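Visitor: There's a structure below that I have some questions on.
No lab work stands behind these numbers, since they all come straight from the coordinates. This is a predicted model, so every value here is computed, not measured. Cβ placement follows ideal geometry from the backbone for every residue including glycine, while neighbour counts extend to all protein chains displayed.
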C-alpha cells in the first residue's frame, strides 16, 4: 500500500468512526453537549461523506481551550465580505429535536438553525416544493422551516407538508419548503433526515449548542487560499496578535484535516 492509499484508508476509517459516534451520541435539546470538540466531530462526520472537496468548516475550538471565543453571526458576515475565495458562508446551530405535527405524529430529527446561504454551500438550492426562507426571515426571527424528505414522510405521510405547522423546542413553525431528496451518503447517514430553520428562531439553544461556520470555496483549487483568508479575517475579527494562539480551528477535506 502506498502513502496516498494509506492516507485515504485512515481518512475513511476516521470518518466512519466519527459518524458512528455522531449517530450514537444524538440527544434532545435539553441535554448539553459533552464538549465543543464532540460538536465539531459530529458535524464533520455527518456531513463529510456528502460534501464536495471545496467545503470548509470553522469551529470555536482552537488552541486556547476554555478561552476560545464563540463564533458569531458577525464572524460569518466578516468572512462573506472579506474572503474572495469563498462562494458562500453559513453559520449553523444543529440540535437534535423532537418535532410534532397534529394530534399524534412526531419524529426526532436534526434541526439546522442557519441562513439561506446554507443551501448554496450544500448545492441544495433547488427545492422539491415551496420556497426557501429569506434573509429577511432571519432578520425577523421568523418561525418558518424547510423540511427534509424523511421527516416529511414521517410527519405528513402522503400529504404535502407545505402550509402545515409543526412544533419543536416549544415553538410552532410554518412549513414553507420541502428539500429535494438526497438519500444516504457514503457512510450510510440519511442526509434527508433534517429540518432547516432561520438561525435566529432558536435563540435559547445557543447556550447548549455552539455555533460553527461552514463555507464553500469557489472551486476545489481555492480551498487552501480560502482557509488562509478565513484565518486572517478571524484573527483580526477576534483581535488576536501575531503571537496569540488561535481561538478557532479550520478544517477541510482538501487540506486533509
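Visitor: Rounded to the nearest 0.05, what FRET efficiency do residue 136 and residue 221 give with R0 = 35 Å and r taken as the Cβ-Cβ distance? Could you check?
Guide: Result of the calculation: an efficiency of 0.50.
Visitor: If you don't mind, another one. Hey, rough spin-label estimate for residue 100 and residue 239, points 7 angstrom out along Cα→Cβ, what's it come to in nanometres?
Guide: 4.6 nm
Visitor: Something else now. Report the full-extension gain for the segment residue 120 to residue 158: residue separation times 0.36 nm, less the Cα-Cα distance, to one decimal in nm.
Guide: 10.9 nm
Visitor: Sort 171, 120 so that the residue with the fewest other Cβ atoms within 10 Å of its own Cβ comes first and the one with the most comes last.
Guide: Ascending Cβ contact count within 10 Å gives the list 171, 120.
Visitor: Work the Kirkwood hydrodynamic radius out for the stretch 180-257: mean of 1/r over every pair of different alpha-carbon atoms, inverted, in Å.
Guide: Computed over Cα pairs of the stretch 180-257, the Kirkwood hydrodynamic radius comes out at 15.8 Å.
Visitor: Separate question: Ranked highest first by the average count of other Cβ atoms within 10 Å around their residues, in what order do 238-244, 227-233, 213-219, 154-160 fall?
Guide: Going from most to least packed, we get 213-219, 227-233, 154-160, 238-244.
Visitor: Please say if the stretch 68-197 is rounded, prolate or oblate, where rounded means a/c under 1.5 for a ≥ b ≥ c the square roots of the C-alpha gyration tensor eigenvalues, and otherwise the choice is prolate for a/b larger than b/c and oblate otherwise?
Guide: Prolate shape, in that a/c is at least 1.5 and a/b is the bigger ratio.
Visitor: Here's another thing I want to ask about it. Once the piece of chain linking residue 228 and residue 174 is laid out straight, how much longer is it, given 0.36 nm per residue of separation minus the C-alpha distance between them?
Guide: Here the answer is 15.5 nm.
Visitor: Let me ask another. Counting other beta carbons within 10 Å of each residue's own, what order do 172, 61 fall into, fewest first?
Guide: 172, 61
Visitor: Give me 187, 71 ranked fewest to most by other Cβ atoms within 10 Å of their Cβ, as a rough exposure proxy.
Guide: With the sparsest Cβ surroundings first, the list reads 187, 71.
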